[in-house]
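Written below as structure tokens is the structure these notes are about.
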Amino acid sequence: MQNHDKYAKIAEYLNGLDPEYINLKNKEQIEKDLADFAGLKVGLFHGVCYFCKQSIDSFEKGCPCMHWLLHPPGFKKKYLDQLFEQKGFHELNAYVRWVANTERPAQNINDILDEKSPSKIIEETIRYRNLEWSFSCSNGDRSGHEGSFAGADPHYHFQMKIDNRVVIKFNDFHAPFNDYDEFAFAVKSEKFEKIKEVRMVSAGMEDLLNYVPTDDMLEKMVYTDDLENAQFNVGTLLVASEGYSISGDEIADLLKERKMTGIPFAKLAQKLQNVSAEIIIQPGPGVPQISTRETKKKGR
């Protein structure tokens, strides 16, 4: 069956569902995701994989589990094909996102579209403790390289670092997309009227910066002197109303208050009279840099 026909049948089925039923299923899925995430977090704390119930340090050839991406003792990259055969991109990507978010929600996931190469469909880097995973997929990867032995089918590339040392290179594997991946891509392309992609426990920086209102972000922010690990870089442009000026003493008082309370200056500045504040929130130094994959050039 062609994808077009398959998606048309799925869309027809979904459009016939009762809205109350869809809302109920959404609520059930959200509750399940939150429970699974809580279980995953507890499991990591105790050193147990939430999915296979074995130690996260366990490795058994022929019994692939997503915790292999935590690089347990005995695991070698030659065994990664076994995991790729069992799990597609969206499952593995969601797993490492969940793992990363048990440590620092969203901050550990750089999926920011403005930092992604225009030539890539997928380009993101995810960090957890001393581990770092990167995913990459170009237009050519997505369609498959015609005439290529290893990359003829649609695929993506995967890189892994431990202590900033590359242990799995992007070009070590052409990881295949599976049927669930194709369905997920169709959802992202909005082929289904009643299904939308919404990330919750797997949310990254792109979701925070684009979908969370500035006031809500400021409400939860706390100022830190540890600038190298800061999640956000917040800029505040103050403009006095016509006929008024901005007092340096007032600014100094707000900076002292920020130091004492941890309330961001951008939020405190809202107390200034006859002054408007333009707030710009950008990813901070604590967000991992996206690891880029250079495409091979033919010739010189």
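Among the numbered criteria (1) part of a loop (DSSP other than H, G, I, E, B); (2) more than 21 Å from K78 (Cα to Cα), which single criterion is violated by D153?
Condition (2) is where D153 drops out.
Tell me, which helices (runs of 4 or more DSSP H) lie completely within the range 171-228 with 3 or more residues that are farther than 22 Å from E257 by Cα?
179-188, 205-211
Could you grab me the full set of residues in the range 244-260 that are without any contact (Cβ under 8 Å) to a residue 24 or more places away in the chain and not hydrophobic (A, V, I, L, M, F, W, C)?
Initially, the range 244-260 is screened for residues without any contact (Cβ under 8 Å) to a residue 24 or more places away in the chain, giving 245, 247-257, 260.
S245, S247, G248, D249, E250, D253, K256, E257 - these are the residues of the range 244-260 that are without any contact (Cβ under 8 Å) to a residue 24 or more places away in the chain and not hydrophobic (A, V, I, L, M, F, W, C).
Could you check how many residues of the range 191-222 are more than 30 Å from Q270 (Cβ to Cβ) and in contact (Cβ under 8 Å) with a residue 12 or more places away in the chain?
So the count comes out to 8.
Of E132, E103, E123, E85, which residue is in a loop (DSSP other than H, G, I, E, B) and assigned by TED's automatic domain parsing to the domain that holds E60?
One residue alone meets the criteria, E103.
Scan the range 104-162 for residues that are surrounded by fewer than 17 Cβ atoms within 10 Å (Cβ to Cβ), in contact with a strand residue (DSSP E or B) (Cβ under 9 Å, 6 or more places away or on another chain) and small (G, A, S) and jot them down.
Listed by number, the residues that qualify are S117, S119, G144.
Quick one: is A11 over 23 Å from the mean Cα position of the chain (by Cα), in a helix (DSSP H, G or I) and farther than 21 Å from L83 by Cα?
Answer is yes for this residue.
Quick test for you: out of G204, G243, G235, G286, pick the one residue that is more than 30 Å from N164 (Cβ to Cβ) and either at pLDDT 95 or above or not acidic (D, E) (or both). Explain how you work it out, then say what you get.
Working: G204 fails: more than 30 Å from N164 (Cβ to Cβ); G235 fails: more than 30 Å from N164 (Cβ to Cβ); G286 fails: more than 30 Å from N164 (Cβ to Cβ).
The match here is G243.
Looking at the structure I just gave you, is L14 under 21 Å from S189 (Cα atoms), surrounded by fewer than 14 Cβ atoms within 10 Å (Cβ to Cβ) and modelled with pLDDT under 95?
yes
Scan the range 168-190 and report the pairs whose first residue is among the acidic types (D, E) and whose second residue is at pLDDT 95 or above and surrounded by 17 or more Cβ atoms within 10 Å (Cβ to Cβ), with Cβ atoms within less than 7 Å and a gap of 6+ or a chain change.
Taking only residues 6 or more apart or on different chains, the pairs are D181/G88; D181/F89; D181/H90.
Please state which one of T102, T125 is among the β-branched types (V, I, T) and more than 20 Å from L209 (Cβ to Cβ).
Unique residue meeting the criteria: T102.
With the checklist (1) at pLDDT below 95; (2) within 25 Å of A230 (Cβ to Cβ); (3) surrounded by 14 or more Cβ atoms within 10 Å (Cβ to Cβ) in hand, flag the one item K271 doesn't pass.
(3)
Yes or no: the range 63-79 includes at least one residue that is exposed (fewer than 14 other Cβ atoms within 10 Å of the Cβ), in the same structural domain as K191 (by TED's automatic domain parsing), assigned to a helix (DSSP H, G or I) and free of Cβ contacts under 8 Å to residues at least 24 places away in the same chain.
Yes: the range 63-79 contains one or more residues that are exposed (fewer than 14 other Cβ atoms within 10 Å of the Cβ), in the same structural domain as K191 (by TED's automatic domain parsing), assigned to a helix (DSSP H, G or I) and free of Cβ contacts under 8 Å to residues at least 24 places away in the same chain.
Could you tell me whether F51 is in contact with a Gly (Cβ under 9 Å, 6 or more places away or on another chain), closer than 22 Å to M200 by Cα and not in a helix (DSSP H, G or I)? Spell out how you get there, then give the answer.
Values: in contact with a Gly (Cβ under 9 Å, 6 or more places away or on another chain): yes; closer than 22 Å to M200 by Cα: yes; not in a helix (DSSP H, G or I): yes.
Yes; evaluated as a whole, the condition is true for this residue.
Of all residues being assigned to a strand (DSSP E or B) and of a type in the set (G, A, S) in the range 229-268, which is surrounded by the most Cβ atoms within 10 Å (Cβ to Cβ)? Just the residue, please. Before you say what the answer is, go through the steps one by one.
Restricting attention to the range 229-268, the residues satisfying the condition of being assigned to a strand (DSSP E or B) are 232-240.
If we keep only those that are of a type in the set (G, A, S) too, we end up with 235, 240.
Numbers: G235: 12, A240: 14.
Of everything passing the filter in the range 229-268, A240 is surrounded by the most Cβ atoms within 10 Å (Cβ to Cβ).
The values are calculated or read from the model by the stated rules, or taken from the named source; none is laboratory data. Not measured: the values here are computed from a predicted model. When we count neighbours, we look across all protein chains shown, and the Cβ atoms used for this are built from the backbone with ideal geometry, even at glycine.
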